[in-house]
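Working notes for the structure below.
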Protein chains: 2
Amino acid sequence: MDYSDCSVRIAIDILSVSWNAWLIGEISNGVVRPCDLHRTISVAPKRVLTKQLGELEKMGILEKKVYPVLPLKVEYYLTDAGKELIPILDKLREWGDKYKEEFISKTTDKSEK
Amino acid sequence: MDYSDCSVRIAIDILSVSWNAWLIGEISNGVVRPCDLHRTISVAPKRVLTKQLGELEKMGILEKKVYPVLPLKVEYYLTDAGKELIPILDKLREWGDKYKEEFISKTTDKSEK
DNA sequence: TCAAATAGCGACAAATTTATCACCCAATGA
DNA sequence: TCATTGGGTGATAAATTTGTCGCTATTTGA
(Lines give C-alpha, C1' and ligand atoms only; values in the text may rest on other atoms or scores of the structure.)
Protein backbone atom coordinates (compact mmCIF):
# COMPACT_ATOMS: atom_id res chain seq x y z
CA MET A 1 0.00 0.00 0.00
CA ASP A 2 1.91 2.98 -1.18
CA TYR A 3 0.42 4.84 -4.08
CA SER A 4 1.25 7.52 -1.59
CA ASP A 5 0.58 10.76 -3.39
CA CYS A 6 -2.82 9.50 -4.46
CA SER A 7 -5.50 11.84 -3.15
CA VAL A 8 -7.95 9.09 -2.33
CA ARG A 9 -5.30 7.19 -0.43
CA ILE A 10 -4.30 10.16 1.66
CA ALA A 11 -7.84 10.65 2.87
CA ILE A 12 -8.45 6.96 3.49
CA ASP A 13 -5.16 6.54 5.29
CA ILE A 14 -6.13 9.20 7.77
CA LEU A 15 -9.57 7.81 8.48
CA SER A 16 -8.53 4.20 8.63
CA VAL A 17 -5.88 4.49 11.29
CA SER A 18 -7.01 2.93 14.56
CA TRP A 19 -9.26 5.38 16.40
CA ASN A 20 -9.01 8.40 14.15
CA ALA A 21 -12.50 8.36 12.71
CA TRP A 22 -14.02 8.03 16.15
CA LEU A 23 -11.76 10.72 17.57
CA ILE A 24 -12.65 13.13 14.81
CA GLY A 25 -16.31 12.37 15.33
CA GLU A 26 -16.21 12.98 19.06
CA ILE A 27 -14.23 16.17 18.74
CA SER A 28 -16.66 17.54 16.19
CA ASN A 29 -19.27 16.63 18.76
CA GLY A 30 -17.74 18.77 21.44
CA VAL A 31 -15.65 16.26 23.34
CA VAL A 32 -12.42 18.15 23.10
CA ARG A 33 -10.29 17.35 26.13
CA PRO A 34 -7.96 14.37 26.14
CA CYS A 35 -9.31 13.08 29.44
CA ASP A 36 -12.87 13.26 28.16
CA LEU A 37 -11.91 11.55 24.93
CA HIS A 38 -10.33 8.77 26.98
CA ARG A 39 -13.49 8.36 28.96
CA THR A 40 -15.70 8.40 25.88
CA ILE A 41 -13.59 6.08 23.77
CA SER A 42 -12.67 3.97 26.75
CA VAL A 43 -11.99 0.81 24.77
CA ALA A 44 -9.00 2.48 23.20
CA PRO A 45 -5.75 2.41 25.16
CA LYS A 46 -4.85 5.79 26.57
CA ARG A 47 -1.40 5.66 25.00
CA VAL A 48 -2.85 5.12 21.57
CA LEU A 49 -5.31 7.98 21.75
CA THR A 50 -2.60 10.34 22.96
CA LYS A 51 -0.39 9.32 20.09
CA GLN A 52 -3.16 9.67 17.52
CA LEU A 53 -4.14 13.09 18.77
CA GLY A 54 -0.55 14.11 18.22
CA GLU A 55 -0.47 12.61 14.74
CA LEU A 56 -3.72 14.25 13.73
CA GLU A 57 -2.38 17.55 14.92
CA LYS A 58 0.79 17.14 12.88
CA MET A 59 -1.29 16.27 9.84
CA GLY A 60 -3.28 19.45 10.18
CA ILE A 61 -6.58 17.78 11.01
CA LEU A 62 -6.61 18.97 14.59
CA GLU A 63 -5.46 22.09 16.32
CA LYS A 64 -4.23 21.91 19.86
CA LYS A 65 -4.94 24.54 22.46
CA VAL A 66 -3.02 24.49 25.71
CA TYR A 67 -4.33 26.67 28.52
CA PRO A 68 -1.56 27.70 30.88
CA VAL A 69 -3.62 26.92 33.94
CA LEU A 70 -3.18 24.22 36.49
CA PRO A 71 -4.25 21.47 36.48
CA LEU A 72 -3.16 21.61 32.86
CA LYS A 73 -5.99 22.04 30.39
CA VAL A 74 -5.69 20.96 26.79
CA GLU A 75 -8.27 21.02 24.04
CA TYR A 76 -8.27 19.80 20.49
CA TYR A 77 -10.33 21.38 17.73
CA LEU A 78 -10.93 20.45 14.12
CA THR A 79 -9.16 22.56 11.54
CA ASP A 80 -10.95 23.36 8.30
CA ALA A 81 -9.46 20.24 6.79
CA GLY A 82 -10.78 18.27 9.73
CA LYS A 83 -14.24 19.81 9.54
CA GLU A 84 -14.49 18.87 5.90
CA LEU A 85 -14.04 15.23 6.80
CA ILE A 86 -17.28 15.24 8.76
CA PRO A 87 -19.67 15.12 5.78
CA ILE A 88 -17.55 12.32 4.36
CA LEU A 89 -17.81 10.38 7.59
CA ASP A 90 -21.56 10.92 7.39
CA LYS A 91 -21.64 9.41 3.91
CA LEU A 92 -19.61 6.47 5.11
CA ARG A 93 -22.03 5.97 7.97
CA GLU A 94 -25.01 6.13 5.64
CA TRP A 95 -23.46 3.50 3.43
CA GLY A 96 -22.67 1.36 6.42
CA ASP A 97 -26.18 1.63 7.82
CA LYS A 98 -27.63 0.61 4.52
CA TYR A 99 -25.43 -2.41 3.89
CA LYS A 100 -24.33 -3.45 7.35
CA GLU A 101 -26.76 -6.35 7.78
CA GLU A 102 -26.13 -7.77 4.35
CA PHE A 103 -22.43 -7.34 4.86
CA ILE A 104 -22.33 -9.03 8.22
CA SER A 105 -24.38 -11.99 7.05
CA LYS A 106 -22.06 -12.51 4.11
CA THR A 107 -18.83 -12.32 6.02
CA THR A 108 -19.80 -14.11 9.21
CA ASP A 109 -20.14 -17.57 7.80
CA LYS A 110 -17.68 -20.32 8.68
CA SER A 111 -14.43 -19.30 10.43
CA GLU A 112 -15.57 -17.53 13.63
CA LYS A 113 -12.26 -18.69 15.10
CA MET B 1 -9.58 -1.57 16.17
CA ASP B 2 -12.80 -3.41 16.63
CA TYR B 3 -15.87 -1.29 17.17
CA SER B 4 -16.90 -3.79 14.57
CA ASP B 5 -20.61 -3.23 14.14
CA CYS B 6 -20.04 0.49 13.73
CA SER B 7 -21.34 1.59 10.36
CA VAL B 8 -18.55 4.05 9.72
CA ARG B 9 -15.97 1.42 10.53
CA ILE B 10 -17.44 -1.14 8.19
CA ALA B 11 -17.20 1.21 5.25
CA ILE B 12 -13.73 2.43 6.13
CA ASP B 13 -12.47 -1.08 6.69
CA ILE B 14 -13.46 -2.04 3.17
CA LEU B 15 -11.89 0.96 1.51
CA SER B 16 -8.71 0.93 3.54
CA VAL B 17 -7.62 -2.60 2.81
CA SER B 18 -4.62 -2.67 0.51
CA TRP B 19 -5.74 -2.23 -3.10
CA ASN B 20 -9.49 -2.21 -2.64
CA ALA B 21 -10.18 1.44 -3.38
CA TRP B 22 -8.12 1.30 -6.55
CA LEU B 23 -9.72 -1.97 -7.62
CA ILE B 24 -13.20 -0.61 -7.11
CA GLY B 25 -12.26 2.50 -9.04
CA GLU B 26 -10.88 0.58 -12.00
CA ILE B 27 -13.80 -1.79 -12.14
CA SER B 28 -16.27 1.07 -12.13
CA ASN B 29 -14.16 2.40 -14.96
CA GLY B 30 -14.63 -0.65 -17.08
CA VAL B 31 -11.51 -2.64 -16.29
CA VAL B 32 -13.28 -5.80 -15.26
CA ARG B 33 -11.06 -8.79 -16.03
CA PRO B 34 -8.50 -10.00 -13.50
CA CYS B 35 -5.70 -10.00 -16.07
CA ASP B 36 -6.49 -6.42 -17.06
CA LEU B 37 -6.66 -5.35 -13.47
CA HIS B 38 -3.24 -6.89 -12.90
CA ARG B 39 -1.86 -4.96 -15.81
CA THR B 40 -3.46 -1.72 -14.73
CA ILE B 41 -2.55 -1.97 -11.07
CA SER B 42 0.78 -3.53 -11.87
CA VAL B 43 2.48 -2.41 -8.67
CA ALA B 44 0.24 -4.70 -6.67
CA PRO B 45 1.28 -8.34 -6.42
CA LYS B 46 -0.92 -10.61 -8.49
CA ARG B 47 -1.64 -12.87 -5.56
CA VAL B 48 -2.90 -9.97 -3.50
CA LEU B 49 -5.27 -8.66 -6.14
CA THR B 50 -6.69 -12.13 -6.68
CA LYS B 51 -7.27 -12.47 -2.98
CA GLN B 52 -8.87 -9.07 -2.67
CA LEU B 53 -11.20 -9.66 -5.59
CA GLY B 54 -12.37 -12.75 -3.78
CA GLU B 55 -12.86 -10.86 -0.54
CA LEU B 56 -14.77 -8.05 -2.18
CA GLU B 57 -17.00 -10.58 -3.80
CA LYS B 58 -17.71 -12.29 -0.50
CA MET B 59 -18.50 -8.92 1.03
CA GLY B 60 -21.06 -8.19 -1.64
CA ILE B 61 -19.17 -5.30 -3.21
CA LEU B 62 -18.37 -7.19 -6.38
CA GLU B 63 -20.20 -9.75 -8.43
CA LYS B 64 -18.22 -12.35 -10.33
CA LYS B 65 -19.17 -13.58 -13.75
CA VAL B 66 -17.47 -16.65 -15.11
CA TYR B 67 -17.93 -17.33 -18.79
CA PRO B 68 -17.67 -21.04 -19.53
CA VAL B 69 -15.39 -20.44 -22.48
CA LEU B 70 -11.76 -21.26 -22.90
CA PRO B 71 -9.37 -19.65 -22.30
CA LEU B 72 -11.36 -19.00 -19.15
CA LYS B 73 -12.95 -15.59 -18.97
CA VAL B 74 -13.84 -13.96 -15.70
CA GLU B 75 -15.29 -10.53 -15.06
CA TYR B 76 -16.07 -8.62 -11.93
CA TYR B 77 -18.80 -6.03 -11.66
CA LEU B 78 -19.84 -3.66 -8.92
CA THR B 79 -22.98 -4.57 -7.04
CA ASP B 80 -25.32 -1.80 -5.94
CA ALA B 81 -23.41 -1.59 -2.69
CA GLY B 82 -20.22 -1.27 -4.68
CA LYS B 83 -21.60 1.38 -6.97
CA GLU B 84 -22.66 3.47 -4.02
CA LEU B 85 -19.08 3.62 -2.85
CA ILE B 86 -18.06 5.53 -5.97
CA PRO B 87 -19.45 8.93 -4.94
CA ILE B 88 -17.80 8.46 -1.58
CA LEU B 89 -14.48 7.75 -3.22
CA ASP B 90 -15.01 10.91 -5.24
CA LYS B 91 -15.50 12.93 -2.05
CA LEU B 92 -12.38 11.41 -0.58
CA ARG B 93 -10.46 12.34 -3.69
CA GLU B 94 -11.77 15.89 -3.58
CA TRP B 95 -10.68 16.22 0.00
CA GLY B 96 -7.30 14.77 -0.84
CA ASP B 97 -6.80 17.09 -3.80
CA LYS B 98 -7.61 20.06 -1.66
CA TYR B 99 -5.36 19.24 1.28
CA LYS B 100 -2.69 17.03 -0.22
CA GLU B 101 0.03 19.68 -0.50
CA GLU B 102 -0.53 21.03 2.97
CA PHE B 103 -0.67 17.52 4.30
CA ILE B 104 2.52 16.37 2.65
CA SER B 105 4.48 19.41 3.77
CA LYS B 106 3.38 18.88 7.36
CA THR B 107 4.17 15.20 7.52
CA THR B 108 7.37 15.08 5.51
CA ASP B 109 9.59 16.91 7.92
CA LYS B 110 12.37 15.14 9.80
CA SER B 111 12.39 11.33 9.68
CA GLU B 112 12.53 10.47 5.97
CA LYS B 113 14.26 7.29 7.07
C1' DT C 1 6.19 -30.23 -27.88
C1' DC C 2 6.72 -25.96 -25.59
C1' DA C 3 5.83 -21.16 -24.39
C1' DA C 4 2.28 -17.96 -23.29
C1' DA C 5 -2.11 -16.40 -21.48
C1' DT C 6 -5.92 -16.96 -18.20
C1' DA C 7 -7.35 -17.87 -13.36
C1' DG C 8 -6.24 -19.30 -8.99
C1' DC C 9 -4.29 -21.45 -4.38
C1' DG C 10 -1.20 -22.56 -0.12
C1' DA C 11 2.46 -21.65 2.93
C1' DC C 12 5.43 -18.70 4.82
C1' DA C 13 8.13 -14.25 5.55
C1' DA C 14 8.29 -9.34 6.06
C1' DA C 15 6.40 -5.19 7.41
C1' DT C 16 3.35 -2.31 9.67
C1' DT C 17 0.03 -1.28 13.10
C1' DT C 18 -1.89 -1.64 17.69
C1' DA C 19 -1.57 -2.48 22.30
C1' DT C 20 0.75 -3.03 26.80
C1' DC C 21 3.42 -1.70 30.62
C1' DA C 22 5.72 1.15 33.40
C1' DC C 23 7.09 5.32 33.89
C1' DC C 24 7.56 11.25 34.41
C1' DC C 25 5.84 15.83 36.04
C1' DA C 26 2.70 19.28 38.57
C1' DA C 27 -0.88 20.40 41.69
C1' DT C 28 -4.91 19.59 44.60
C1' DG C 29 -7.56 17.71 48.35
C1' DA C 30 -7.87 14.50 52.45
C1' DT D 1 2.18 12.44 53.11
C1' DC D 2 -0.32 10.07 49.74
C1' DA D 3 -3.82 9.08 46.36
C1' DT D 4 -5.95 11.36 42.45
C1' DT D 5 -6.46 14.07 38.21
C1' DG D 6 -4.62 15.80 33.94
C1' DG D 7 -1.21 15.43 30.20
C1' DG D 8 2.36 12.91 28.39
C1' DT D 9 6.61 9.59 26.96
C1' DG D 10 9.68 5.33 25.65
C1' DA D 11 10.43 0.57 24.89
C1' DT D 12 8.73 -3.53 23.62
C1' DA D 13 5.34 -7.18 22.64
C1' DA D 14 1.37 -8.87 20.13
C1' DA D 15 -1.43 -8.88 16.26
C1' DT D 16 -2.71 -7.97 11.74
C1' DT D 17 -1.79 -6.94 7.11
C1' DT D 18 0.92 -7.27 2.90
C1' DG D 19 3.98 -9.43 0.00
C1' DT D 20 6.78 -13.41 -1.88
C1' DC D 21 7.48 -17.73 -4.01
C1' DG D 22 6.25 -21.56 -6.20
C1' DC D 23 2.79 -24.26 -7.69
C1' DT D 24 -1.74 -26.32 -10.44
C1' DA D 25 -4.81 -26.41 -14.69
C1' DT D 26 -6.52 -25.59 -19.42
C1' DT D 27 -6.13 -24.14 -24.17
C1' DT D 28 -4.20 -21.72 -28.13
C1' DG D 29 -0.59 -20.76 -31.27
C1' DA D 30 4.36 -21.36 -33.04
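The values are calculated or read from the model by the stated rules, or taken from the named source; none is laboratory data. Just so you know, these numbers come straight off a predicted model, no measurement behind them. Please note: Cβ atoms are built from the backbone with ideal geometry, for glycine as well, and neighbour counts cover all protein chains shown.
Here's the yes/no breakdown for (1) of a type in the set (Ser, Thr, Tyr); (2) more than 12 Å from DNA strand D (Cβ to nearest atom); (3) in contact with an Asp or Glu (Cβ under 8 Å, 6 or more places away or on another chain):
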| residue | (1), (2), (3) |
| --- | --- |
| A:Ser7 | yes, yes, yes |
| A:Ile10 | no, yes, no |
| A:Trp19 | no, yes, no |
| A:Val31 | no, no, no |
| A:Cys35 | no, no, no |
| A:Ile41 | no, yes, yes |
| A:Glu55 | no, no, no |
| A:Leu62 | no, no, no |
| A:Lys91 | no, yes, no |
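Here is a yes/no grid of residues against (1) surrounded by 13 or more Cβ atoms within 10 Å (Cβ to Cβ); (2) within 16 Å of the chain's Cα centre (by Cα); (3) more than 26 Å from B:Gly96 (Cβ to Cβ):
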| position | (1), (2), (3) |
| --- | --- |
| A:Asp13 | yes, yes, no |
| A:Asn20 | yes, yes, no |
| A:Lys51 | yes, yes, no |
| A:Glu57 | yes, yes, no |
| A:Glu63 | yes, yes, no |
| A:Pro68 | no, no, yes |
| A:Val74 | yes, no, yes |
message = For region B:43-53, which positions are touching a Phe, Trp or Tyr at 6+ places or on another chain (Cβ under 8 Å) and within 11 Å of DNA strand D (Cβ to nearest atom)?
response = B:Val43, B:Ala44, B:Val48, B:Leu49, B:Gln52
key: Whichever residue in region B:18-36 is touching a strand residue (DSSP E or B) at 6+ places or on another chain (Cβ under 9 Å) and within 18 Å of A:Arg9 (Cα to Cα) and, among such residues, is farthest from the other protein chains (Cβ to nearest Cβ)   = B:Ile27
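Can you tell me which residue in region B:31-53 is nearest to DNA strand C (Cβ to nearest atom), limited to those that are assigned to a helix (DSSP H, G or I) and of a type in the set (A, V, I, L, M)?
Taking region B:31-53 and keeping what is assigned to a helix (DSSP H, G or I), we get B:34-40, B:46-53.
Then keep just the ones that are of a type in the set (A, V, I, L, M); that gives B:37, B:48-49, B:53.
Numbers: B:Leu37: 8, B:Val48: 9, B:Leu49: 9, B:Leu53: 6 Å.
Taking the candidates together, the pick is B:Leu53.
For the structure I just gave you, tell me whether B:Leu56 is near DNA strand C (Cβ under 10 Å from one of its atoms), in contact (Cβ under 8 Å) with a residue 12 or more places away in the chain and assigned to a helix (DSSP H, G or I). Even if it seems obvious, please write down each step before you answer.
Working: near DNA strand C (Cβ under 10 Å from one of its atoms): no; in contact (Cβ under 8 Å) with a residue 12 or more places away in the chain: yes; assigned to a helix (DSSP H, G or I): yes.
The answer is no for B:Leu56.
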query = Do we have B:Ile24 as crowded, with 16+ Cβ neighbours inside 10 Å, within 22 Å of A:Asn20 (Cβ to Cβ) and either modelled with pLDDT of 95 or more or of a type in the set (S, T, N, Q) (or both) here?
reply = yes
